[in-house]
1. What spacing in nm lies between the two simple spin-label points modelled at residue A:80 and residue A:177, each 7 Å away from Cα in the Cβ direction?
2. Using mean Cβ contacts within 10 Å as the protection proxy, how do B:59-70, B:232-243 order, highest first?
3. Taking beta carbons within 10 Å but only from partner chains, what does the mean come to for residues B:147-158?
4. Over chain B, with a single point scatterer placed on each C-alpha, what log10 of the ratio I(q)/I(0) does the Debye formula yield at q = 0.12, 0.16 1/Å?
5. What are the semi-axes of the equivalent ellipsoid for the protein assembly as shown, taken as the square roots of 5 times the Cα gyration tensor eigenvalues, largest first, in whole Å?
6. List the extent of the Cα atoms of segment A:166-243 along each of their three principal axes, largest first, rounded to whole Å.
7. Would you mind computing, in nm to one decimal, how far apart the modelled labels at residue B:129 and residue B:241 are, each placed 7 Å from Cα along Cα→Cβ?
8. Determine, for each peptide in A:212-223, B:76-87, the mean count of other beta carbons within 10 angstrom over its residues, then list the peptides with the highest first.
C-alpha cells in the first residue's frame, strides 16, 4: 500500500472552488511543534517525581527497597543472565500465544462479519468464553495439557484470540455501506470487494483489537507464570517472594511494565503507519 | 460493452411501471408507484421532488443496487439485474476510498476491469485533469475539501467510461458557491464528453440550469408528477441563470414541486 502524501499539498490556489471546507493538515505534523516538546518534558518530570515519591516513602521507613537498591539488583540479575533468561522466556510465551491468537482471530472475525450463518455459529461461544477470565482456564489447561509450555501458550492464545476476533468482526460489520456500493457500481465483484474494500476498511479495528489483545495476553502471561512455571518474569517474582527478596520483585514489576509499554508502542507505530489515511484523531 | 448508437426508437434508459415497496414490519411503504420514464441517449435529465418521493430509490434501481417490487428498468434494452460498469454512479457522500490517493481512487474501476497499469495511469490522469485535480493526484481524500472530493468521485465514475451517469444529489452537501462552480464544471465535462445523465436533486435552480428535461416527482406514493422541457442550448452560463427565461422555467418547476395536488401526469392526460 503506497500512501504517499505530497508535503507540498496545501490549499487549492488556482482551482475555481471557492472556500468550501478547508483541507485538514495531518495531525502528526501539527503534533511535532513545540507543544509536543513541552509535553515530553512534563512526562519526564512526572516520572522523576514518581521516583522521588517512592524514594521518600522508602526513606520514611516504609518496607520498600530504595530505587538504587532496585537498580543494583537489576544490574546483578542482568549480570548473572537471570534477567535476560526470564525476559526471553516470558516474551517467547507471550509472542507465540499472541501471534497464534491474532492469526486465528483475523480470518474468523472476517468470516463472522461476512457470512451471517458463520456468525450465528461462532458468536455464542465467543460471548461465553469472553466472560471467563483466561486465568480461570489455567487449572483446566494444566490438567489437560500438562505443566509445560502448552497450557501457558494456550491461555495467552485464548486471551489474544477473544479480544481480536470481536474487534475484527466489528470492523467488518461497520464498513460503510456506500463504499461497498461504490465498488459494486464500478463493476467489482464480491471476492475483490472483500480484498480491496473490506480488508483495508477494517484494518483500524483489527489493529485496535491487536493492541487490546496484546495487553490482555501480557497480563494473563504473568499471572500464569506466577501459578506454575520454571522460568519467566512471573517465576522470578514468585521465587523472590519465598526469600522476601523485595528488590527482585521490583525488578520484575518494572520489567513487565516496560516491556508491555514497549510492545504497545510498537503496535501503535504500526497502527499510525497503516491507518494514516483515517480522518479522526 | 459496446456503446454503438442504439436504434432511435428505443430509449437509452427505459423505466416501465416500476413499483417499489419497502416492508416496514406491520405495513409496507410504497416508495415508487408504477413509475414510467424514458431517457434518450446523451440526454441530461434531472429529477426533482420533495423528500420521500422515491427519487433515490429510482436511481438505486437503475444502478442495480435495489430491485423493483414490480415492473422493470431497462438500459440499452436489457433488463437491469445488478450493477455494471456501463452505469457510473456518483453518491452524495462522495464514497471515496479513504485509504487510496486521488489517482488510486480514479484507477479503482480500471483495476477491476483489468486494464494494464500504464493505460490505467494514463486514463486516470486524463480524467483527473478534466476535473482539475492534477495537483492533488497523490493526495489522500482527507486532505481534500468537499468540492474536490466530489470532483474526484466524478473522475472515478468517468474513468470506467460509462455510457450513463447516475448522480444522487451529488452537490447536496456543498455550500452554494461551490455548488454553482461544480454545476458549471459538470456541464462543461458533459459537453466535452457526452453521456446520458440522470441527476437527482432537491434544488430547483440546479435542476433547471443543467437539464434538457426536468422530471418532477411527487411523494406518497412516489410517482412522476410533471415533466418540463428546458429548450435552451448549451453552454449555459450565468447569463442564462439570470435571464427571465430561467426565472419562468424555475417558477414553473417550483410550483410543480411545491404545490402538488394528488395527481399524476397520466391522470391529467386522461390515461
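What follows is calculated from the coordinates using simple rules that are stated; it is not laboratory data. Computed from a prediction, not measured in an experiment: that's the story for all the values here. Here the Cβ positions follow ideal geometry from the backbone for every residue, glycine too, while neighbour counts run over all protein chains shown.
1. That separation, rounded to one decimal, is 6.5 nm.
2. B:59-70, B:232-243
3. Average per residue, whole number: 2.
4. One equal scatterer on each Cα of chain B leads to -0.75, -1.29.
5. Semi-axes, largest first: 62, 27, 20 Å.
6. 70, 17, 12 Å, listed from the longest principal axis down.
7. About 2.7 nm separates the two model spin labels.
8. My ranking of the peptides, most packed first, is A:212-223, B:76-87.
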